[in-house]
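**Student:** One structure, pasted below without further comment.
The values are calculated or read from the model by the stated rules, or taken from the named source; none is laboratory data. Predicted, not measured: the structure shown is a model, and the values here were computed from it. All Cβ positions, glycine included, derive from the backbone under ideal geometry; neighbour counts span all protein chains shown.
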Amino acid sequence: MQYRSGEQDTPIPVRSDRFYKLGDDWYFNVRGGKAFGPFRCKEEAEKALDEFLNPAQDYTGNVRPFGSLRARRWRRNHKL
């Protein structure tokens, strides 16, 4: 089981999947309800999420973030 800080010995709360499909496109959510996408497939969305959460890696995928300040910085740094 996956616990977050402070959750030890308590029931794990329900967590929704951060990936979802609308039509033919895939998207993912981050904390605060910010959405990223569209992506052609779930694997592409997973790679983009990994890059968003771990920006030290080089990734040139199809990411179109919007919303938070962190997302705008990410977009500026990746020249989308």
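**Student:** Is one or more of the residues making up the range 17-32 at pLDDT 70 or above, of a type in the set (A, V, I, L, M) and surrounded by 15 or more Cβ atoms within 10 Å (Cβ to Cβ)? Write out each step before concluding.
**Tutor:** First, the residues of the range 17-32 that are at pLDDT 70 or above: 17-32.
Still in the list and also of a type in the set (A, V, I, L, M): 22, 30.
If we keep only those that are surrounded by 15 or more Cβ atoms within 10 Å (Cβ to Cβ) as well, we get 30.
Yes, the conditions are met somewhere in the range 17-32.
**Student:** Looking at (1) more than 23 Å from ASN77 (Cα to Cα); (2) at pLDDT 90 or above; (3) aliphatic (A, V, I, L, M), find the lone condition where ALA48 falls short.
**Tutor:** Going through (1) more than 23 Å from ASN77 (Cα to Cα); (2) at pLDDT 90 or above; (3) aliphatic (A, V, I, L, M) one by one, ALA48 breaks only (1).
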